[in-house]
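S.K.: For reference, the structure I am asking about is given below.
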Amino acid sequence: MVFVGKFFCAANKFSLHIFASLLPLGIMKTLASYTVDFPQWALCQLINGGDSPLSDEEIEMVADFEREWNETAKNMGGHVVFSPTGETSEFCRFPEIGLAGPTEKLEIVILGK
């Protein structure tokens, strides 16, 4: 996983900014960028992984989401970066995973050479 590496915690916006600053240098470029409604209950598991109060089923849903995007990035020859935007919704009928509920916009950027 490349969030990048799993060091993407409170500094997620800063981390994305660092990678964006490498783009003009020709070191990395944006291969794709997406924004999705991601359940707030799953953000901690996606960004920090590890210990979580989620059920095994919920953890597996997040892991499947993560795997899917890592596979997509790998097929494109890049790495995936997940960055919550801070834009929340009190209720989303169709979040990216799970049932309807509160969500946060999650920016998914695939970076590569």
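The values are calculated or read from the model by the stated rules, or taken from the named source; none is laboratory data. Only a predicted model underlies this, so the values are computations on that prediction, with no experimental measurement involved. Quick reminder, even Gly has a Cβ in these numbers, built from the backbone with ideal geometry, and neighbours come from all protein chains shown.
S.K.: Kindly list, by first and then second residue, each pair from a residue in segment 41-62 that is within 17 Å of Ile108 (Cβ to Cβ) to a residue that is polar (S, T, N, Q) and not in a loop (DSSP other than H, G, I, E, B), limited to pairs with Cβ atoms under 8 Å and residues at least 6 apart or on different chains.
M.R.: So the pair list comes out as Ile47/Asn12; Val62/Gln45.
S.K.: Confirm whether Asp37 is out of contact with any His (no Cβ under 8 Å at 6 or more places or on another chain) and either part of a loop (DSSP other than H, G, I, E, B) or surrounded by 15 or more Cβ atoms within 10 Å (Cβ to Cβ) (or both).
M.R.: Yes, satisfied.
S.K.: Here is a follow-up. Among the numbered conditions (1) of a type in the set (Gly, Ala, Ser); (2) over 16 Å from Ile47 (Cβ atoms); (3) touching a residue at least 24 places away in the same chain (Cβ under 8 Å), tell me where Ser83 comes up short.
M.R.: (2)
S.K.: Restricting attention to segment 93-113, which residues are surrounded by 18 or more Cβ atoms within 10 Å (Cβ to Cβ) and either free of Cβ contacts under 8 Å to residues at least 12 places away in the same chain or assigned to a strand (DSSP E or B) (or both)?
M.R.: Once the filter is applied, which keeps residues that are surrounded by 18 or more Cβ atoms within 10 Å (Cβ to Cβ) and either free of Cβ contacts under 8 Å to residues at least 12 places away in the same chain or assigned to a strand (DSSP E or B) (or both), segment 93-113 yields Thr103, Glu104, Leu106, Glu107, Ile108, Val109, Ile110, Leu111.
S.K.: Then there's this: Anything in segment 49-74 that is modelled with pLDDT under 90 and surrounded by 14 or more Cβ atoms within 10 Å (Cβ to Cβ)? List them, or say none.
M.R.: If the condition is that a residue be modelled with pLDDT under 90 and surrounded by 14 or more Cβ atoms within 10 Å (Cβ to Cβ), then Gly49, Ser52 are the ones that fit.
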